[in-house]
Amino acid sequence: MPEKITLPPLATLQAFEAAARLGNFTAAARELDSTQSAISQHIRRLEQELGVTLFHRQYRGVSLTEAGERLLEDVAEGLARIARGINAARQHTEHDVINVGTDFALAAYWLLPRLSRFRDAHPDAEVRVVTAQQPITPDEANIDIAILFGDGRFDRAPSRLLMRESVVPVCSPALLERYGPIDSATDLNRLPLLQLEAAYDAKWFNWSRLFALLGIDARPREPALVFNNYTLLLQAAIAGQGAVIGWLPMVDSMLESGLLVPVIPQRTSSDCGYYLVLPATKSILPIVQQFSDWLINESKEAGPV
């Protein structure tokens, strides 16, 4: 008969792993929906039980001792195996559910118009789309797969490029007729410019960066309107309020329908883009892998990467 395995409480091991990975007790508490004092107590009890110091306490966070680093390797592997086992067990008791995390604009303008094709091929699968203005962490408990904007580095999570960032200035036909013709990029300042709020566009193109890449010496004019939501930004452009930076292929359908038109023909690309991101600590269920393969095929149809 197997011997009884004696372990610290699971909550204690989770607190240690989160604090070690994030380098901060407060961040670990936030991730685990706990408190900083509770995390500290878990760590203190674990250190007392093991008889070793696991963390160097610093002013702005913590760092692992040599003993802590050795323990983290085994604890992280053990928790990951437990998570894989739990997810595998769920396959036999639940219908297929896929939780997809992304931003609202990508969901509205690229993902949702295509989802019917996946549902036709997998009628028993339930797709739940989770959107957020702030970047979604792929290892969040409710996310099986994420479509995230960035440079491909997502905290050790495996990723694959779906669509390279490519943009073109766009506006409504009426606005272009009113202010046009726009014969070159240097004429962009003749149009009222609409801007995405700086807090949300750190990795995205803004007008200053676009002007520089287009070789425009002048600075962009002050924005006529500023939004913290790209969907609202596009609606303002459709309403004739100003020109916006149009991300392809999100604005493709609006260009095809004539709701928006390119202000200039030049398209500009960057080293960033939308990536398919899988959690690093979860096993990949078959239905999630199928959805991943489907996303890759859809992105190929959307244009070259």
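Of LEU196, LEU233, which residue is modelled with pLDDT of 90 or more and surrounded by 17 or more Cβ atoms within 10 Å (Cβ to Cβ)?
When all the criteria are applied, what remains is LEU233.
Table: residues versus (1) hydrophobic (A, V, I, L, M, F, W, C); (2) without any contact (Cβ under 8 Å) to a residue 12 or more places away in the chain; (3) part of a helix (DSSP H, G or I); (4) under 30 Å from ILE82 (Cα atoms).
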residue: ILE182; (1), (2), (3), (4): yes, no, no, no
residue: GLN195; (1), (2), (3), (4): no, no, no, no
residue: VAL226; (1), (2), (3), (4): yes, no, no, no
residue: LEU233; (1), (2), (3), (4): yes, no, yes, no
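Has segment 267-276 got any residue that is in contact (Cβ under 8 Å) with a residue 40 or more places away in the chain and assigned to a loop (DSSP other than H, G, I, E, B)?
yes
So how many residues does segment 17-65 have that are on the phi < 0 side of the Ramachandran plot and surrounded by fewer than 16 Cβ atoms within 10 Å (Cβ to Cβ)?
21
Out of PHE205, PHE211, PHE154, report the one residue that is closer than 13 Å to ILE264 by Cα and either part of a loop (DSSP other than H, G, I, E, B) or outside the structural domain of PHE291 (by the TED database) (or both).
PHE211
Does VAL75 meet the test of being within 25 Å of LEU285 (Cα to Cα), over 25 Å from the mean Cα position of the chain (by Cα) and in contact (Cβ under 8 Å) with a residue 60 or more places away in the chain?
Against the criterion (within 25 Å of LEU285 (Cα to Cα), over 25 Å from the mean Cα position of the chain (by Cα) and in contact (Cβ under 8 Å) with a residue 60 or more places away in the chain), VAL75 qualifies.
Report every pair of residues separated by at least 6 positions or lying on different chains whose Cβ atoms are under 8 Å apart, first residue within segment 25-45 and of a type in the set (A, V, I, L, M), second in a loop (DSSP other than H, G, I, E, B).
Partner pairs satisfying both residue conditions: ALA28/SER34; ALA29/THR35; ILE39/LEU32; ILE43/LEU54.
One residue is enough: does segment 57-70 have a residue meeting the conditions within 26 Å of the chain's Cα centre (by Cα) and within 22 Å of ARG156 (Cα to Cα)?
yes
Residues of segment 158-178 being among the small types (Gly, Ala, Ser), more than 15 Å from THR102 (Cα to Cα) and surrounded by 15 or more Cβ atoms within 10 Å (Cβ to Cβ), which ones?
Correct list: SER166, SER172.
The values are calculated or read from the model by the stated rules, or taken from the named source; none is laboratory data. Please read all numbers here as calculations on a predicted model, not as lab measurements. Every residue, glycine among them, receives a Cβ derived from its backbone with ideal geometry; neighbour counts consider all protein chains shown.
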